[in-house]
């Protein structure tokens with residue numbers, strides 16, 4: 001996963017289509033510029049491989065120390081590179097990968113929340129509930145009902 005941009009804004013009675021389009025276009029231009037700039041950073045390809053691995057298998061346990069030993073980075077340098085490349089910390093992105101998988105499972109299966117937590121790499125379902133709620137603003141059951 002190289003890039004994904006999502007934009008949402010509230011619309012009220014004074015908003016016009018052209019003003020919303022202008023807002024969206026300028027926001028998209030800024031995001032695309034940031035993504036283009038990060039692609040030329042040193043070690044971008046390595047960071048992208050790491051990110052793709054995390055999003056493909058978020059249930060696995062990843063530690064910065066293990067990743068750094070595989071790629072010969074110090075932990076501080078790795079954290080800095082990752083944040084420069086993706087504008088998000090490694091751990092927050094790792095949480096987002098797990099929560100994305102949980103959302104998918106909530107939408108596509110009838111698994112219990114505890115089973116989903118386990119499939120997303122959480123050994124403590126209460127911790128999963130806290131992280132899911134903090135990230136999405138909903139409990140997993142509330143999220144499932146939104147569909």
Item to check | Residue among 72, 63 that is within 18 Å of the chain's Cα centre (by Cα) and loosely packed, with under 14 Cβ neighbours inside 10 Å | outcome: 63
Item to check | Residue satisfying all of: in segment 44-58; surrounded by fewer than 14 Cβ atoms within 10 Å (Cβ to Cβ) and over 14 Å from residue 78 (Cβ atoms); farthest from the chain's Cα centre (by Cα) among these | outcome: 45
Checklist entry - Does at least one position in segment 7-18 carry a residue that is assigned to a helix (DSSP H, G or I) and either at pLDDT 75 or above or surrounded by fewer than 12 Cβ atoms within 10 Å (Cβ to Cβ) (or both)? => result yes
Checklist entry - Give me the pairs: first residue in segment 125-147 and on the phi > 0 side of the Ramachandran plot and modelled with pLDDT under 95, second residue part of a helix (DSSP H, G or I) and surrounded by 11 or more Cβ atoms within 10 Å (Cβ to Cβ), beta-carbon distance under 6 Å, and six or more apart or on different chains, which are they? => result none
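The values are calculated or read from the model by the stated rules, or taken from the named source; none is laboratory data. Fair warning: this is a prediction, and the values are worked out from it, not measured in the lab. Please note: Cβ atoms are built from the backbone with ideal geometry, for glycine as well, and neighbour counts cover all protein chains shown.
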